[in-house]
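The structure appears below as structure tokens.
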Amino acid sequence: MNAKIEKIAKNVLQDNEISYDDARFLMGISGVEIYDILYWANRIRYNSFNNVVSLCSIISARQGSCSEDCRFCSQSSRYNTDISNFPLIEKEKIVEAVEKGKEYKSDCVGVVTSGYSLEGSDNFDKICEDAYELSKQDGPPVHTSIGTITSKMAEKLVSNGVEMINHNLETSEGYYPNICTTHTYKDRVETIETAKDAGLKICSGGIFGVGESVMDRLDLAFKLKELDVDAIPMNFLSPVKGTPLSTENSLEPMEILKIIAVYRFILPDKEIKVAGGREENLRDVQSWMFYAGANSTMIGDYLTTSGKRPEEDLQMIKDLGLKYKVGEMQKH
């Protein structure tokens with residue numbers, strides 16, 4: 001057992017914050033000592049969450065035709081990808097997604113729309129109306145991921161029963177211009193701050209394997225800590241043909257597990273959710289994401305790609321001796 005890793009971990013377990021230098025040390029670990037990081041990350045996870053994990057599901061509610069140029073995204077109108085484009089879906093499909101989420105033990109269902117913002121759009125009003133109706137039913141609550149929002153929009157979401165929004169920072173502020181130029185990092189931070197001011201919980205994370213450095217990964221983690229977000233989705237690039245990052249090399253599974261583990265050291269009591277790209281990138285070690293410190297994952301399909309069969313994920317969690325958080329956030 002690496003003595004320095006143990007010392008850092010025990011310090012975190014005593015409710016002390018990890019320093020940037022110590023986090024950088026952990027990110028630099030390689031070889032067999034990665035297992036030491038995983039061991040302690042699992043201890044930190046258990047200290048905060050015991051053996052309880054949460055699941056969430058999402059539905060693509062408006063897809064494609066996005067004006068933005070995020071270099072990893074298949075939904076940008078600037079790239080020639082083979083995804084289907086469609087306008088805002090009807091409430092019945094959202095209801096169906098919520099029912100499936102309930103069946104698959106999700107404790108929330110994210111309604112996700114493409115585009116920079118729904119400000120001034122009838123689509124925003126419709127999502128609010130649907131969320132309000134669903135908030136009064138017995139099932140997982142509806143969360144939203146609808147791009148940039150104003151304070152007025154945030155207040156309306158809250159008044160219609162929405163508890164949390166997703167708005168990812170994606171990467172560090174320094175690296176951000178390398179993956180998006182049509183809106184700024186500041187735009188994203190301001191949306192998070194606006195949502196928090198209105199009383200919304202925040203789900204915000206990033207995407208890894210897009211050419212970022214180790215320092216970029218750390219900068220993102222510490223920014224999320226500074227913003228005090230509630231949940232951190234960790235996505236791992238699955239290159240999409242037609243996008244600028246279609247030829248980017250995927251991260252190795254052990255490197256991904258190390259990134260998850262270091263995030264657990266930095267964010268010991270936050271929900272760390274392994275999301276897009278886990279099937280393709282983690283392959284046969286997907287169950288290790290929990291041993292690496294994650295306490296949440298997405299179940300079912302993603303926006304434009306398929307996930308594992310939900311039954312397989314539920315069996316995986318059962319085999320690990322973990323329990324679902326389902327029910328804690330549901331309306332009764």
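Let's see how each residue does on (1) modelled with pLDDT under 95; (2) under 21 Å from the mean Cα position of the chain (by Cα); (3) among the acidic types (Asp, Glu):
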position	(1), (2), (3)
LYS102	yes, yes, no
GLU163	no, yes, yes
HIS167	no, yes, no
SER172	no, yes, no
Is there a residue in the stretch 233-251 that is in contact with a Pro (Cβ under 6 Å, 6 or more places away or on another chain) and among the acidic types (Asp, Glu)? yes
How about the stretch 244-258: which of its residues are under 17 Å from GLU279 (Cβ atoms), in contact (Cβ under 8 Å) with a residue 24 or more places away in the chain and out of contact with any Leu (no Cβ under 8 Å at 6 or more places or on another chain)? MET254
Note down all Cβ pairs under 6 Å where the first residue falls in the stretch 203-225 and is surrounded by fewer than 22 Cβ atoms within 10 Å (Cβ to Cβ), the second is among the hydrophobic types (A, V, I, L, M, F, W, C) and outside any helix (DSSP H, G or I), and they're at least six residues apart or on different chains. LYS225/LEU267
Which numbered condition in (1) among the β-branched types (Val, Ile, Thr); (2) over 27 Å from CYS108 (Cβ atoms); (3) free of Cβ contacts under 8 Å to residues at least 60 places away in the same chain; (4) buried (at least 17 other Cβ atoms within 10 Å of the Cβ) is the only one that THR184 fails? (4)
Given the criteria out of contact with any Pro (no Cβ under 7 Å at 6 or more places or on another chain) and either surrounded by 14 or more Cβ atoms within 10 Å (Cβ to Cβ) or closer than 17 Å to VAL262 by Cβ (or both), does GLU92 qualify? no
Only listed residue being assigned to a loop (DSSP other than H, G, I, E, B) and surrounded by 22 or more Cβ atoms within 10 Å (Cβ to Cβ), chosen from GLY321, GLY307, GLY276: GLY276
Every residue in the stretch 104-133 that is charged (D, E, K, R) and touching a residue at least 60 places away in the same chain (Cβ under 8 Å), please. LYS105, ASP107
Can you tell me which residue among GLU133, GLU163, GLU173 is surrounded by fewer than 20 Cβ atoms within 10 Å (Cβ to Cβ), of a type in the set (Asp, Glu) and within 25 Å of ASP69 (Cα to Cα)? GLU173
Checking ASP216 against (1) among the charged types (D, E, K, R); (2) closer than 17 Å to ASN168 by Cα; (3) touching a strand residue (DSSP E or B) at 6+ places or on another chain (Cβ under 8 Å), the condition it does not meet: (3)
Identify, from the list ILE89, ILE83, the residue that is in a loop (DSSP other than H, G, I, E, B), in contact (Cβ under 8 Å) with a residue 60 or more places away in the chain and among the aliphatic types (A, V, I, L, M). ILE83
Matching entry among ASP22, ASP15 (being over 24 Å from GLU252 (Cβ atoms) and not in a strand (DSSP E or B)): ASP15
Criterion (within 16 Å of the chain's Cα centre (by Cα), in contact (Cβ under 8 Å) with a residue 60 or more places away in the chain, part of a loop (DSSP other than H, G, I, E, B) and on the phi < 0 side of the Ramachandran plot) met by exactly one of ALA294, ALA261: ALA294
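The values are calculated or read from the model by the stated rules, or taken from the named source; none is laboratory data. None of these values were measured; they are calculated from a predicted model. Virtual Cβ from ideal backbone geometry, glycine too; neighbours counted across all protein chains shown.
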